[in-house]
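To start, the structure itself, in structure tokens.
The values are calculated or read from the model by the stated rules, or taken from the named source; none is laboratory data. Computed from a prediction, not measured in an experiment: that's the story for all the values here. A quick note on method: Cβ atoms are made from the backbone with ideal geometry, for glycine too, and the neighbour counts reach across all protein chains shown. Each accessible area value is taken on the protein alone, full model and side chains, heavy atoms only, with ligands, DNA and RNA left out. Shrake-Rupley method; radii C 1.70, N 1.55, O 1.52, S 1.80 Å.
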Amino acid sequence: MRTTRRLINGETLVLDVPDAETMPPATAISVLAQDGLELEVNSGGSDHLEHYLAVSGSTLTGEIQLRNGVTLRHGRYGGDPAQGMAFSVRVGDHEIFGFTVPTLDLEGLSALLSQVEFTAHADGAVLTPGGSVTWSDYRTHDVAQVVHLAQGRRALLDVRRTRTGVTRPSGPGLDVRGGRLSRSAEDERAHYAVLEAAAFVVYGIPGTAEDVDALATSLSQVTAELA
């Protein structure tokens, strides 16, 4: 099964998982930076936003129009006045959402997001930082893709854009269709498989530890490429 997903920085991931039975809409994640402060932003549909708010116990209770024309909805993260704010910006059919650290108030969040251009595309929203706002130098542009495999197996593919995107690593592992495949050590607390390619690194996280072998086999046929 093949799908495309726009990263928040505007690049496009083409992900091919041949033995996937279904692949629900994915979430994209990036991190904005301003004067040493970082703000993680997520891009997904309205159902992704509702799940995020429900899990965190947050409610968006207010809204404000920003200078760039978008509407910022906001509310206390977890309903706790001591916490930061949960927020969302609607961009076409997509939601950009996340939460702030407690030291970033509504005025600061509004000022930060007012320097960002928001653009809607069919396969995801794109943000273009400007002014004093940039992309974080320490975080990658990611896509979180849930995959349903045969026999009821479920996995999460954490797809991370490489910083250079030039050459494929030559570390431990096996050469496979989409790059170089390796897996976590047996004594690690979490069990996962890793596919390293030129443009992306794919971490395959199984639904249960017992499924890691099956997931590694699945990853051996996966490709993750730039459009």
Which value, in nm² and rounded to one decimal, describes the direction-averaged projected area of the C-alpha convex hull of region 1-95?
7.9 nm²
Per 10 Å bin, what percent of the C-alpha pairs of region 55-175 does each bin hold, from zero upward?
11, 31, 33, 17, 8, 0
Could you work out the longest stretch of the chain that avoids the trypsin sites (Lys or Arg not before Pro) located in DSSP loops with at most 10 other Cβ atoms within 10 Å?
68-162
Å² per residue, accessible surface of region 102-163 at 1.4 Å
49 Å²
Rg over Rh of the chain, using C-alpha atoms and the Kirkwood radius, what does it come to?
1.00
Carbon plus sulfur, as percent of the 1.4 Å-probe accessible area of region 72-227, comes to 51 percent
The answer for the per residue Cα convex hull volume of region 105-227, in Å³, is 170 Å³
Projecting each Cα onto the charge dipole of the chain (Lys/Arg +1, Asp/Glu -1 at the beta carbon, about the Cα centre), which of Leu106, Ser58, Gly92 comes out farthest on the positive side?
Gly92
